[in-house]
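Accompanying notes for the structure given below.
The values are calculated or read from the model by the stated rules, or taken from the named source; none is laboratory data. Just so we're clear, the structure is a prediction, and the values are computed from it rather than from any experiment. As a convention, Cβ positions derive from the backbone with ideal geometry for all residues, glycine included, and neighbour counts pool all protein chains shown.
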Amino acid sequence: MTEGLRHRSRTWLLIWLIVPLIFGTQSQAEEPETGLRQQLFSDLKEDSKTLARQLKNGEYDSAEITAAGLEQMVLSLRNLFPLSSKGEGRSRDKVWDNWQDFDQQLQDLAGDYRNIITGIRQQDESQIEQALQFSVSSCRACHRPFSYRTLW
Ligand code: HEC
């Protein structure tokens, strides 16, 4: 092999190594948190429907378990918006720019589920009803400013 050829093949080798590195980083997959929070939000949607149905039917034991699961989901969501995932998914940049407000709304929603549990334990139907209403209206109240699309 001549010196020139050997040089050229080394150059190609470098290109084959470097090009995927560059493009690989640019088109890098989303942060794992983005997919996780979307999964949790769809679970939240399903389980909040289940909760409303259980409460309507007076299935309080099951409703208490569902509400406890929902409370945990919402608390987990608080950890699924790392700064590195800004702009990913359907979240607007506002989520991170107004983090305290956003996070407070998540905490309030977790509190609504907690109040439903308390209401069930104290057999306080008006508390249950009110907390359920709060939890349901929180979805739209948060999506309008913080999420790109109206979801339903
Ligand atoms: C504190 C704000 C906030 C509250 C409260 C909230 N959401 Fe969301 N929701 C979001 C954001 C932000 C997204 C976009 C997530 C992403 O794609 O990055 C989202 C996305 C979703 C999605 C789409 C998930 C997907 O697959 O893309 C569903 C479904 C959803 N929310 C349901 C609900 C329901 C049901 C409630 C009320 C019980 C609710 N959300 C309350 C902020 C909120």
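When the helices (runs of 4 or more DSSP H) confined to segment 44-123 are screened for residues that are among the β-branched types (Val, Ile, Thr) and either touching a residue at least 24 places away in the same chain (Cβ under 8 Å) or in the same structural domain as CYS142 (by TED's automatic domain parsing) (or both), those reaching at least 2 such residues are found at 60-77, 99-121. Here the condition is being in contact with a Gly (Cβ under 9 Å, 6 or more places away or on another chain) and either surrounded by 14 or more Cβ atoms within 10 Å (Cβ to Cβ) or basic (Lys, Arg) (or both); of GLY69, GLY89, GLY111, it holds for GLY89 alone.
For segment 124-137, a residue qualifies if it is within 8 Å of the ligand (Cβ to nearest atom) and either free of Cβ contacts under 8 Å to residues at least 12 places away in the same chain or surrounded by fewer than 17 Cβ atoms within 10 Å (Cβ to Cβ) (or both), and exactly one does: VAL136.
Within the option set ARG37, ARG10, being basic (Lys, Arg) and at pLDDT 90 or above holds for one residue only, ARG37.
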